[in-house]
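I have placed the structure first, in the form of structure tokens, so that the comments after it can refer back to it.
The values are calculated or read from the model by the stated rules, or taken from the named source; none is laboratory data. Only a predicted model underlies this, so the values are computations on that prediction, with no experimental measurement involved. Every residue, glycine among them, receives a Cβ derived from its backbone with ideal geometry; neighbour counts consider all protein chains shown. Areas reflect the complete protein model, heavy atoms only, side chains present, ligands, DNA and RNA absent. Shrake-Rupley method; radii C 1.70, N 1.55, O 1.52, S 1.80 Å.
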Amino acid sequence: MKSFHRLLLGVLLLGATAAHAQKNIANEELDPLSGTRVQVRSVFDPLPPSGYAPMRIVATNGTGRNARWGFDFHSQTQYYRQQNEHDSSFAVDVPARSTQSALFMVPLAVDYDDRGAGSSGHVMRVGISGTGFDESPKFDHESRIAGFPALALSETLAEFSITQLNKELEAKLRSSRGGYYGGSLNFVSRFEPADLPDAWLGYSGFDFILLSSTDWQKLKPAVKRALLEWVRLGGQLHVYLSPGAYSESLGLPDIASAGTHMVSLGKIATLSWDGKTLPASQTLNRYWGEKQRVNSLRSDHAPVGAWPLLKLLGTRSFASWQVIVFLVVFGMLVGPVNLFVLAPAGRRHKLFITTPLLSIGASVVMVVLILVQDGTGGVGRRFVVINLEPGEAAAYVTQEQVSRTGVLLGAGFEMKQPVLIEPLVMPDSPWAKLKKTSTAQSASLTQDGRERRGNFFQSRAEQGQVLRAAVSTRARLELKAGAAPDAAPTLISALGFTVEELFYTDPAGAHWRLEKPLSTGQSATLVKADDSSQRLWCEAAVNPAVDSLRIALNTTTNRRSFFVAKARKAPDFTLDTLPSIRWEDDRIVVFGPVTQP
């Protein structure tokens, strides 16, 4: 029966059965005498294809002593030459004769392959350790199909729609791909709204999340805020309106009517349905061919010339000729010179001394040459987008970065706040190791609390990452009160950093610009600007970003009562990673609503 349900889940594009919305990874009785047991279950079934998977831990300690239980997760993609891994560790303190519950955000390995119609496997392993028991690791295996957006669907929407959606999806696969692949597709996850996490990272692996209006109204305020944070960082929330429900009554930001609305870098859409069944063909076509978040990790940055930020880093020769010269010289020394000069005939026993010494000396020379040529640490460029939302006391940061390293004395680093950081596929070059070729190196990453380790950064390599975070802040731009209706607006800065250039669109749609840099605590009266200059300036400001981010920025920043500005430094919002990287010439774009008096 279980295998039947798994097959059914794979074939369905947008739903699943109403029962068992959470997936058990482990549900074990550790000690029958004391009643000690542990359960590990995923909020979403199946797991998302990237980002974080929220895992609910329920641990019961029936013994008479306090215990600390450890949970070691291992996420791994399973495809030839693409076995990427992401490990993470967590712990729960369980007092004697008590039950503790915790929600962990478990990072997932990303499948960087883009075969389109191909399939790959994924395995999630969890090791459970604690005092007084020895438990073998538990496994969950899934098969995933590339080429689809990642959707999460509430049980309310799935309950009466599963059968027809199954048939519609199978027909679509047969007609579009010349046949049906069978097996489980597992790119669609189901969930119970009451189980949703109150942290945006728990939704970070999805492109779309689908809820009914009744589902939305029942959510806790903290969960609604987390979903909104996810949307502002690029997610798409679709709320299906039950009969008699209206968009205006949902309390969603910037939603005044039914339809799709841009909300920061993401979108919120309200759609009508009959309260029971989703129309199969219409629903499937709505999501078929939509953009996938994973594509931004493996496609947007990889083609040569597609990522302007990489051009800012410049090019540098890999100096392969030096390696060839070194090998030739070393070969001559360890060969003819060693054999006929240092250890000639009659003194061949000296080879046992000269050969190791020559090898050690060559290694030292090689290290010195690398240090002289490449140095230690590295250099990098960053493009940082900061969306300030004063009404939420938050800033939503999206940071793209690329770096080229010399010799690294350490590759681990700590993050100050919860952050989604994912490596990017790079254009093929001698410096790039994670790239779109058969010789690409697998990603092997580790998260332990705030610490990140693995090959996020490597010696003598070129790497890129994208980071996303929601940062609490009171930073804002305020409109000075008391000005005449026809007077130029005056802005007061409480940003915490200096903006070099700024454009502001007033409530009437007129454009204004800043004449000179504006620092925190200062005010500046703006001057009139025309529409074309504002548009061209915005396009140039967001140019370092990849296409997907650039399009979203150009759309969302052209709004009334909004400002968009450039800055050179924003230390409270820039997401720092490896300390030995020298980040030069940051490109920072800040946008958001201006606080009205």
| In the stretch 498-531, which residue that is surrounded by 11 or more Cβ atoms within 10 Å (Cβ to Cβ), assigned to a strand (DSSP E or B) and charged (D, E, K, R) is farthest from the chain's Cα centre (by Cα)? | ARG513
| Which listed residue is within 23 Å of the chain's Cα centre (by Cα), open to solvent by less than 10 Å² (accessible area, probe 1.4 Å) and closer than 30 Å to GLU414 by Cβ, from LEU578, LEU495 | LEU578
| query | What residue, among those in the stretch 43-100 that are at negative phi and charged (D, E, K, R), is least open to solvent (accessible area, probe 1.4 Å)? | reply | ASP45
| said: Can you pull out every residue in the stretch 559-575 that is of a type in the set (Lys, Arg), assigned to a loop (DSSP other than H, G, I, E, B) and over 30 Å from LEU408 (Cα atoms)? | reply: ARG559, ARG560
| query | Is it the case that the stretch 404-417 has a residue that's modelled with pLDDT under 95 and open to solvent by less than 20 Å² (accessible area, probe 1.4 Å)? | reply | yes
| field | Candidate set: the stretch 366-381, residues that are open to solvent by 70 Å² or more (accessible area, probe 1.4 Å) and more than 23 Å from GLY464 (Cα to Cα); chosen: the one modelled with the lowest pLDDT | value | VAL372
| Just wondering, is there one or more residues in the stretch 401-414 that are over 16 Å from LEU578 (Cβ atoms) and of a type outside the set (A, V, I, L, M)? | no
| said: Can you tell me which residue is farthest from HIS141 (Cα to Cα) among those in the stretch 1-44 that are hydroxyl-bearing (Ser, Thr, Tyr) and modelled with pLDDT under 50? | reply: THR17
| note | Reported set for the stretch 241-272 where residues are over 25 Å from the mean Cα position of the chain (by Cα) and assigned to a strand (DSSP E or B) is LEU241, GLY259, THR270, LEU271, SER272
| request: List every residue pair whose Cβ atoms lie under 9 Å apart, where the two residues are 6 or more positions apart in sequence or sit on different chains, the first residue falls within the stretch 310-331 and is open to solvent by less than 70 Å² (accessible area, probe 1.4 Å), and the second residue, located anywhere, is basic (Lys, Arg) and modelled with pLDDT under 75. | output: none
| message | So if I check each of GLU462, GLU451, GLU422, which one is without any contact (Cβ under 8 Å) to a residue 60 or more places away in the chain and within 16 Å of LEU578 (Cα to Cα)? | response | GLU451
| message | Please determine whether any residue of the stretch 170-185 is open to solvent by less than 10 Å² (accessible area, probe 1.4 Å), at pLDDT 80 or above and within 19 Å of GLY121 (Cα to Cα). | response | no
